[in-house]
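First comes the structure, then the notes that go with it.
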Amino acid sequence: MNLSADLTSAAAQEFVREIEESSGEDIAACYQCGKCTAGCPLAFAMDLDPARVMRLVQLGQREMVLQSHTIWLCASCETCTTRCPQEVDVARVMDALRRLAREEGYTAAEREVALFNENFLRNVCARGRVHELELVLRQNLRSGHLFRDAGKGPLMLAKGKFSLRVPKTKEVTAIWRIFENLEKRRGEKA
Ligand code: SF4
Ligand code: SF4
């Protein structure tokens, strides 16, 4: 692995600072025991395992980490977080990396996952909770796979996994406020 950044460079330190601020975690606390990786149910599919992601963040390897498939494949199951002897919330670090990758346009690694994230949030913002049928239709439409899994639809409707009824949430205005506050914070940062 070619590590181009030097740990002491300003850019490397800035990356560590950004991730620490966004995740609230102490990146230096990781001592590379590998317990997060050993427990991660998705490590087999990742290009960088969770412990390696932590090490690369410590080294300020911005490009390598933000371009990885790993941050999009992470399912936020928090197994790594519960196993870490240093109490590093690795799942929160993964979240912070996804946010940064999205803000900076690094979504090519798993374009469909990034698209799903976006569609999911839009759906929650509009309805106050997820409307599964609308989410699936939007995902298929925007990803260019209009009829993907279409055959499963009737069975899922019959089993009550999907509903044609649009959900109504009383707290939808509270949800809107959360999204508004997020937008405001993003605007302040920019
Ligand atoms: S939160 Fe992500 S990195 Fe951690 S164990 Fe689950 S899938 Fe793996
Ligand atoms: S379990 Fe914690 S200390 Fe061990 S490698 Fe993972 S993040 Fe680092």
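The values are calculated or read from the model by the stated rules, or taken from the named source; none is laboratory data. Quantities reported herein were computed from a predicted structural model and do not represent experimental measurements. Here the Cβ is made from the backbone with ideal geometry for all residues, glycine too, and neighbour counts use every protein chain on show.
Can you tell me how many residues in the range 66-85 are farther than 19 Å from Phe44 by Cβ and away from ligand 2 (no atom under 16 Å from the Cβ)? The qualifying residues number 2. Please find, within the range 44-65, the residue that is nearest to ligand 2 (Cβ to nearest atom) out of those that are in a loop (DSSP other than H, G, I, E, B) and farther than 20 Å from Glu104 by Cβ. For the range 44-65, the residue satisfying everything is Asp49. Name the residues in the range 35-54 that are more than 7 Å from ligand 1 (Cβ to nearest atom), crowded, with 17+ Cβ neighbours inside 10 Å and farther than 18 Å from Glu112 by Cα, would you? Within the range 35-54, Lys35, Thr37, Leu48, Asp49, Ala51, Arg52, Val53, Met54 qualify.
Restricting the range 86-103 to residues that are in contact (Cβ under 8 Å) with a residue 40 or more places away in the chain and under 10 Å from the mean Cα position of the chain (by Cα), the residue that is nearest to ligand 2 (Cβ to nearest atom) is Val93. Mind counting the residues in the range 15-40 that are on the phi > 0 side of the Ramachandran plot and more than 20 Å from the chain's Cα centre (by Cα)? Adding up the residues that qualify gives 2. Are any of the residues in the range 86-96 at positive phi, modelled with pLDDT of 95 or more and either in contact with a Ser or Thr (Cβ under 7 Å, 6 or more places away or on another chain) or surrounded by 14 or more Cβ atoms within 10 Å (Cβ to Cβ) (or both)? Scanning the range 86-96 turns up no residue that is at positive phi, modelled with pLDDT of 95 or more and either in contact with a Ser or Thr (Cβ under 7 Å, 6 or more places away or on another chain) or surrounded by 14 or more Cβ atoms within 10 Å (Cβ to Cβ) (or both). Consider Val16 against the criteria (1) within 30 Å of Glu132 (Cβ to Cβ); (2) crowded, with 16+ Cβ neighbours inside 10 Å; (3) modelled with pLDDT of 95 or more: it satisfies all of them except one. Which criterion is unmet? Checking Val16 against (1) within 30 Å of Glu132 (Cβ to Cβ); (2) crowded, with 16+ Cβ neighbours inside 10 Å; (3) modelled with pLDDT of 95 or more, the one that fails is (1). Residues of the range 104-127 that are free of Cβ contacts under 8 Å to residues at least 40 places away in the same chain, surrounded by 17 or more Cβ atoms within 10 Å (Cβ to Cβ) and in contact with a Leu (Cβ under 7 Å, 6 or more places away or on another chain): Asn119, Asn123. The set of residues in the range 159-177 being surrounded by 12 or more Cβ atoms within 10 Å (Cβ to Cβ), of a type outside the set (S, T, N, Q) and at pLDDT below 80 consists of Pro167 alone. Scanning the range 12-43 for residues that are more than 14 Å from ligand 2 (Cβ to nearest atom) and touching a residue at least 60 places away in the same chain (Cβ under 8 Å) yields Glu18, Ser22, Gly24.
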